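> Mind having a look at this structure? Questions to follow.
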Amino acid sequence: MDQTPGERLRKLLHHRNWILVGTVLCMFAAFAISWISPKIYRATTYVLISESGVNPAAPSPGWEYSILPTYLRFADNDVISMRAIKHFHLYQPPYRLTPHQFRREFMDVQIPKNTSLLQIQVDFPDARLAAGLANYVAKSATELNAQVSAAQTLSTQSFLKARLDRASSHLREAESKSLEISRRARIEDRERKLTILLDQKEQIAKELEQLRLALAQQRERAKSLEESVKAEPAILLLKKSVLSDRFLDRMVQKLAPDNRNFLSATEEAVNPTRQGLERELADSRASLAADHAGLDLAKITLSQINEDIIRLLAQVTDFRSQISDADQDLKLAREGYESAARDYRNASVTVTAKSEDLKQIAPALIPDRPVRPRIILNTFVAGFLGLIVLGGIALSIESFRPVQQETFHIMEQETASARHT
């Protein structure tokens, strides 16, 4: 059965006395419960999350805000909660707190929107403990960040120290190799010897040309002497006659003109010109043989010198290549060592430049008034809720009565019909 608002209002006014009494009782109960409930005090502190002071390049805001939630765990974690509980002896009666219970019921850590602040809020029945817990958690968060940075610095230094040791070992090996190659190469001695060989080669080449020229001249002279020797007779015939004297020749013509042939004689003698030419030819042939032998020796010597020069050039080229490679390796090893040493010296600055700093900027003060319970608010809220609930109950009762009366009337009619029957 539908009811109009006016009818509902009349029914509520009909029960106004006990509704008002119930509302007052609800308000009184809320007031009493709020009054006797333990007072909760709130202490709040802020920790600034700032970029490193040694980082010359400021990070972009998007990157900065994206990593801010990771710093919540620097304060909101079981380790710091356990330390706080032990420091303030909250594990003892009457609190008997656990880290999980402390984080869930008494502490709230969050980052206010569009800020780089870590807000640490502690609600606790004791005002002094609330402020102490908030400040302790903030201090522990900053110390934890410093420990993480120190651990990163130590880890980075250990890594860079190992890298520096490897670079130092490589540098020593490169220096030892370079010295060994230089000692074994003896480039200056080989180049000096190569210079001497080149000078000898030039001198022997000149002598070889002179020997060839002298050999050619000796050959021409020997050939000319051979022709001259062939042209000279080996034996000379000498005719001697008394008629060679004019006085005797006249006398013979007068005294014995028929015996003229018997007055001359013929003698044989060795040709001294030919002998001289033969001696010169023998000397020329000896000189020719000597020049030929000298030429052969010069050729052999020049060939040996050329072989030595080629061998020395190959050795010098090979050793120069090895020295160049060793010098390049030494240069790279020295650069690597200097880079590793510089990185090792700057390890602390490098880690600090890549890390964020946590600094407490607003220590929590001891609160002078509780935040819970709110007695006045709770009283009025209880009265309002009591009024609504009691009004609803009254309407439900009024709605149920007509249905009950109708049901009772039907039952009476059925009973009367049964009697007549």
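> Return the whole-Å distance between the Cα centroid of region 276-351 and the Cα centroid of region 128-162.
After rounding, the separation between the Cα centres reads 66 Å.
> Something else now. Separation between the residue 89 and residue 226 pseudo-spin-labels, each 7 Å from Cα along Cα→Cβ, expressed in nm?
Taking the simple label geometry, residue 89 and residue 226 are separated by 13.7 nm.
> Now for a different question. What distance in nm separates the two pseudo spin-label positions at residue 115 and residue 372, each 7 Å out from Cα along the beta-carbon direction?
Result: 2.1 nm between the two label points.
> Along Cα→Cβ, 7 Å out, is where each label goes; now give me the distance between the ones at residue 290 and residue 320 in nm to one decimal.
Label at residue 290, label at residue 320, 4.3 nm between them.
> So, counting K/R as plus one and D/E as minus one, what does the shell of residues with Cβ under 11 Å around residue 343 add up to?
+3
Quick note: the coordinates plus some simple rules give every number you see, no bench work behind them. Quick caveat, the model's predicted, so the values are computed rather than measured. All Cβ positions, even for glycine, are placed from backbone atoms using ideal geometry, and neighbour counts span all protein chains on display.
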